[in-house]
1. If you take the residues in region A:27-48 that are surrounded by 22 or more Cβ atoms within 10 Å (Cβ to Cβ) and under 16 Å from B:THR30 (Cα atoms), which one is farthest from ligand 2 (Cβ to nearest atom)?
2. Within region A:7-21, restricting attention to residues that are within 11 Å of chain B (Cβ to nearest Cβ) and open to solvent by less than 10 Å² (accessible area, probe 1.4 Å), which residue is nearest to ligand 2 (Cβ to nearest atom)?
3. Considering only residues that are free of Cβ contacts under 8 Å to residues at least 40 places away in the same chain and closer than 20 Å to A:CYS50 by Cβ, look in region A:132-145 and name the one that is nearest to the other protein chains (Cβ to nearest Cβ).
4. Does A:ILE77 count as within 16 Å of ligand 1 (Cβ to nearest atom), over 23 Å from B:VAL32 (Cβ atoms) and either over 15 Å from the mean Cα position of the chain (by Cα) or modelled with pLDDT of 95 or more (or both)?
5. Quick check: is even one residue across region B:56-63 more than 14 Å from chain A (Cβ to nearest Cβ), touching a Gly at 6+ places or on another chain (Cβ under 9 Å) and among the basic types (Lys, Arg)?
6. Go through A:SER24, A:SER61 for me and flag whichever is open to solvent by less than 10 Å² (accessible area, probe 1.4 Å), within 13 Å of chain B (Cβ to nearest Cβ) and free of Cβ contacts under 8 Å to residues at least 60 places away in the same chain.
7. Being touching a residue at least 24 places away in the same chain (Cβ under 8 Å), within 10 Å of another protein chain (Cβ to nearest Cβ) and either more than 25 Å from B:GLU133 (Cβ to Cβ) or of a type outside the set (A, V, I, L, M) (or both) is the filter here, so list the residues in region B:7-52 that pass it.
8. Which count do you get for residues in region A:132-155 that are open to solvent by 10 Å² or more (accessible area, probe 1.4 Å), within 17 Å of B:ILE102 (Cα to Cα) and part of a helix (DSSP H, G or I)?
Amino acid sequence: MKKTHVTTKVNGDTVEFLADPRASLLDCLRDDLGLTGSKEGCGTGDCGACSVTLDGTLVCSCLVLGVEVEGREIGTIEGMADGQELHPLQRKFIEHAALQCGFCTPGFLVAAKVLLEQNPDPTETEVRYWLAGNLCRCTGYDKIVRAVMDAAAEMRQEAA
Amino acid sequence: MRYHRPMTFEDAAGLAAAASGVTRYLAGGTDVLVQMRAGMVQPDDLIDLKAIPGASDITRTEDGGWRIGVAVSGAQLGAHEAFRADWPGVVEGLELVGSTQIQGRATLTGNLCNGSPAADSVPGLVAAGATVEITGTGGTRSVAVQEIPTGPGKTSLKPGEVISAILLPPRGEHAGDAYLRFIPRTEMDIAVVGCAVSLRLDGDTVSEARVVLGAVAPTVMLVPEAAEAIIGTTLDEAALEALASAASAACNPIDDKRGTKVFRIEVAGVLAKRAARIALTRAKGA
Ligand code: FES
Ligand code: FES
């Protein structure tokens with residue numbers, strides 16, 4: 001199958017790869033670019049483990065084709081920490097023990113980050129609805145929701 | 001599989017007309033990519049419509065209506081305040097589809113062309129009197145939204161035709177719409193019954209109405225008898241009861257694990273009443 005040359009930006013860096021037209025963005029990120037933070041839980045848009053941003057919009061990278069992202073901007077979990085400095089959400093996930101196996105965590109973090117950019121002061125209900133497309137088999141969600149609420153509170157204080 | 005990225009709808013239609021194998025259009029991809037992944041559909045030609053100018057635009061038309069591009073996502077439509085002010089029922093229908101991530105990609109046109117009787121965004125469009133613009137190799141034509149689905153997974157689009165926009169009429173004064181669905185959980189599910197109502201008031205009296213049901217027949221269904229039950233009334237208790245009976249009487253649902261026939265018929269009436277009340281409140285500007 002003829003591959004297509006794709007140039008795109010990932011976490012601010014321009015990258016190039018050759019994509020089979022059937023390959024998902026998730027496959028291209030993991031297999032061609034070596035960015036294995038985004039996970040494949042289902043490959044069908046149900047679990048959110050593959051969450052990334054595409055031009056700032058939260059999407060499932062398993063439901064985007066690699067060939068579609070020519071000239072776009074992608075944000076993944078690898079772009080979340082600032083060097084060695086963890087993003088407040090990442091720190092709060094650790095503090096609240098909001099992960100066990102960790103498979104769902106990159107997706108939750110990417111999704112929660114977009115939420116807090118759009119809504120710095122979400123209610124618990126808003127957090128739960130926003131994250132309804134991220135599935136976790138381990139934590140029972142409660143610690144995740146608390147970690148997001150706590151990170152939001154901390155980020156608001158810093159901004160003030 | 002060949003991946004195409006045409007720059008006009010005429011070219012997209014031409015590619016589809018010239019293709020001999022399985023062809024699919026790609027906008028948000030939230031159905032097509034899942035079907036490809038599951039092996040249900042293996043397209044020979046995949047025609048991505050997102051590079052076509054206007055495909056991602058929401059524009060006010062000259063008559064005061066709206067033109068919604070085929071690649072406009074739920075997230076984009078939901079963030080458009082002027083559109084939401086005109087057609088809140090259309091927006092709430094699309095916003096019920098899937099998760100935040102799915103909303104980042106899912107489109108009205110895709111939901112319509114997927115042909116599901118339970119498509120949440122379609123009843124609101126039909127209630128609004130929306131039409132689609134179809135581009136073929138011989139030019140464009142426009143048809144009412146309810147003419148597109150012909151049965152589960154089937155549409156009336158001919159090979160070599162592509163929907164190039166969804167058009168909504170001007171909302172006008174003293175009017176409101178609403179969409180409600182029943183699901184057994186609070187989020188992330190497929191409608192067991194859906195109902196959209198759009199109406200207009202003349203004083204306190206309903207002067208125009210359209211009532212549409214989803215998931216209770218092989219296609220989304222406009223129910224003129226249900227609209228007649230409330231036109232000329234103030235939506236008093238008697239009118240609401242007549243509306244519920246007409247909505248229930250129009251149902252021809254399946255029985256499955258998600259809802260029995262009897263249950264769906266009953267719920268269709270209940271949702272029709274509730275959606276009509278919300279549409280009325282919106283029409284009164286509250
Ligand atoms: S892997 Fe993409 S949603 Fe599950
Ligand atoms: S921590 Fe294991 S799936 Fe969420």
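1. In this case the residue turns out to be A:GLY45.
2. A:ALA19
3. Let us first name the residues in region A:132-145 that are free of Cβ contacts under 8 Å to residues at least 40 places away in the same chain, namely A:132, A:136-138, A:140-142, A:145.
Filter again for closer than 20 Å to A:CYS50 by Cβ, leaving A:132, A:136-138, A:141.
Details: A:ALA132: 5, A:CYS136: 14, A:ARG137: 16, A:CYS138: 19, A:TYR141: 13 Å.
Here the answer is A:ALA132.
4. Values: within 16 Å of ligand 1 (Cβ to nearest atom): yes; over 23 Å from B:VAL32 (Cβ atoms): yes; either over 15 Å from the mean Cα position of the chain (by Cα) or modelled with pLDDT of 95 or more (or both): yes.
Yes: the conditions hold for A:ILE77.
5. In the first step, residues of region B:56-63 are kept if they are more than 14 Å from chain A (Cβ to nearest Cβ); the result is B:57-63.
With touching a Gly at 6+ places or on another chain (Cβ under 9 Å) added as a condition, the list becomes B:57-59.
Applying the additional criterion that residues be among the basic types (Lys, Arg) yields none.
Scanning region B:56-63, I find no residue that is more than 14 Å from chain A (Cβ to nearest Cβ), touching a Gly at 6+ places or on another chain (Cβ under 9 Å) and among the basic types (Lys, Arg), so the answer is no.
6. On the way: A:SER24 fails: open to solvent by less than 10 Å² (accessible area, probe 1.4 Å).
None of the others qualify; the one that does is A:SER61.
7. B:GLY28, B:GLY29, B:THR30, B:ASP31, B:GLN42, B:PRO43, B:ASP48, B:LYS50
8. The number of residues fulfilling the criteria is 1.
The values are calculated or read from the model by the stated rules, or taken from the named source; none is laboratory data. Computed from a predicted model, the values in this text were never measured in an experiment. Don't worry about glycine lacking a Cβ; one is built from the backbone with ideal geometry, like all the others, and counts go over all protein chains shown. To get the accessible areas, we keep the full protein, side chains included, count just its heavy atoms, and leave off ligands, DNA and RNA. Shrake-Rupley method; radii C 1.70, N 1.55, O 1.52, S 1.80 Å.
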